[in-house]
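The values are calculated or read from the model by the stated rules, or taken from the named source; none is laboratory data. Predicted model only: the values in this text are computed from it and were never measured. Note that we place each Cβ from the backbone using ideal geometry, even for glycine, and neighbour counts take in every protein chain shown. Areas reflect the complete protein model, heavy atoms only, side chains present, ligands, DNA and RNA absent. Shrake-Rupley method; radii C 1.70, N 1.55, O 1.52, S 1.80 Å.
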Amino acid sequence: KRITTENTTSFSSLNSGASSGDGSSLSDLFSALQTIQSFAAQLGQDNTTTSQSAQTSGGVSVSQRFETGTSLTVATDYAGANNSPSNDAYSGGWSVELRQPLLRGGGRDTNLITVRQARNDVASSIHGLRQQVITTVRDVELTYWDLALAREIRKINEVAVSLADEQMRLNEDLMNAGRAVEADVLSAKAERATRQADLSDAQAQIEDRNLALIRLLNPDKPDVWHLMFEPEAAPEPEPINADAESSVALAMDYRPELAQARLNLANAELSTNRARNDLLPRVDVVASYGGGANGDHGSEAWDHFSDGHDESYGIGIEVETALYRRAEKARLLRSRLQETQGARQVADTEQSIE
């Protein structure tokens with residue numbers, strides 16, 4: 001609300017001149033006093049004019065962007081002013097605008113880049129999970145057979161310790177019978193100590209492989225770190241006829257790490273296309289149509305929905321371009337380097353698989 005206050009005061013000027021007699025001087029003095037009294041009375045009067053204005057405005061705009069880059073905007077607005085003591089004023093209008101980019105931002109290939117990159121990221125995450133599952137299964141298998149091998153090695157070392165004990169006792173008996181020297185006994189003791197150390201190492205390997213298997217399987221058991229796995233008897237190895245070319249072909253189609261590398265390359269190519277599109281000038285075809293209404297009452301501002309005499313339309317081309325575009329050129333160069341890096345990563349992964 002706006003309030004305007006105006007104060008107006010008028011007064012008459014006092015003119016004094018030369019007089020020839022005392023009566024004239026008294027008359028002039030009396031006249032001057034009357035003028036001052038009248039001026040003071042005018043100052044005491046309230047000549048204030050007050051005007052009030054309450055303004056209300058609002059609007060709604062809805063916009064939709066399509067895959068081709070086309071944008072459609074529908075908008076309506078309303079404004080009103082309650083003026084006192086002057087007349088009230090109200091206005092309202094609506095408009096529809098259609099914008100179609102011709103160069104930068106035009107076409108489905110450009111506007112769907114973000115969506116396609118998001119889909120590639122989702123697919124890459126799925127392949128990453130698949131790769132983790134494959135790696136975990138492989139590690140479990142290898143750890144299982146390492147545990148079985150460690151147990152077999154412990155059995156061999158237990159037999160070796162038994163043989164070393166037997167040899168040591170035999171040398172001691174021979175020395176007591178005078179058929180061996182003390183050096184033979186010491187040599188047998190050293191051999192037994194060596195075999196005992198090997199047995200301790202084998203037991204440590206069993207503990208290490210057992211803990212690794214617990215970490216990989218993560219069983220939901222109480223006191224899990226004291227869980228001991230007992231591998232079954234090792235199966236007899238069977239020969240497998242594997243064709244190198246067929247194996248490589250299958251790996252090229254199904255290996256998750258190669259699929260991830262290819263998806264990263266696809267995202268780099270999409271980023272290059274977007275950076276290349278950003279270098280283009282913006283050239284948009286714009287068409288608009290709308291209507292409006294004015295009046296002294298609020299209801300008259302909504303006549304633009306039914307009365308079409310106050311209409312407006314326009315069509316034209318908007319052009320916008322930068323002078324140097326250093327940032328856009330730098331982004332394009334970076335995208336091309338990332339694309340080259342992605343292609344090298346795909347080639348390196350394929351070579352590793354082969």
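When both segment 97-145 and segment 232-278 are represented by their alpha-carbon centers, they are found 15 Å apart.
Applying the criteria of a DSSP loop state and at most 13 other Cβ atoms within 10 Å to the chymotrypsin sites (Phe, Trp or Tyr not before Pro) of segment 61-166 yields 66. Could you pull out every one of the aspartates and glutamates with an alpha carbon less than 14 Å from that of residue 189, ignoring same-chain neighbours closer than 8 positions? Straight-line reach from residue 189, under 14 Å: 165, 166, 172, 173.
Expressed per residue, the C-alpha convex hull volume of segment 182-229 stands at 57 Å³. In segment 97-207, with Lys and Arg counted as +1 and Asp and Glu as -1 at Cβ, which of these residues, 137, 113, 203, has the Cα nearest the positive end of the dipole, that is, farthest along it? Value computed over the given set: 113.
Rg and Dmax, both from the Cα atoms of segment 207-354 and both in Å, are 33.4, 101.
Converting phi to 3J(HN,Hα) with the Karplus coefficients 6.51, -1.76 and 1.60 and the offset θ = phi - 60°, segment 73-79 yields 10, 10, 9, 9, 9, 8, 9 Hz in sequence order, with x at every glycine or proline. Sorted into 5 angstrom bins from 0, the C-alpha pair distances of segment 307-354 split as 4, 14, 9, 10, 9, 8, 8, 7, 7, 7, 5, 4, 3, 2, 2, 0 percent. Of 283, 60, the residue with the largest accessible area leads and the full order is 60, 283 (1.4 Å probe). Given 10 °C and 1.306 mPa s, compute D for segment 215-301 with the Stokes-Einstein relation, Rh being the Kirkwood radius over Cα pairs; round to the nearest whole µm²/s. It diffuses with D of about 70 µm²/s by this estimate. Within the shell defined by Cβ-Cβ distances under 13 Å, the residues around residue 354 carry a net charge of -2, with Lys and Arg each +1 and Asp and Glu each -1. Subtracting the Cα-Cα distance of residue 224 and residue 109 from 0.36 nm times their residue separation leaves 35.9 nm of extension gain. When nucleic acids and ligands are ignored and a 1.4 Å probe is applied, residue 192 ends up with an accessible area of around 70 Å². Note that segment 67-146 carries a Kirkwood radius of 19.0 Å, evaluated over its alpha carbons pair by pair. Placing a pseudo-label 7 Å from each Cα along the Cα-to-Cβ vector at residue 180 and residue 287 gives an inter-label distance of 11.0 nm. Once you divide the Cα radius of gyration of segment 107-216 by 2.2 N^0.38 Å, the number left is 2.19.
An ellipsoid equivalent to segment 99-165, defined through the eigenvalues of its Cα gyration tensor, has semi-axes of 63, 8, 5 Å when rounded to whole angstrom and sorted largest first.
Multiplying the residue separation of residue 89 and residue 207 by 0.36 nm and subtracting their alpha-carbon distance yields 33.4 nm.
The label point for residue 200 and the one for residue 73, both projected 7 Å from the Cα toward the Cβ, are 8.2 nm apart.
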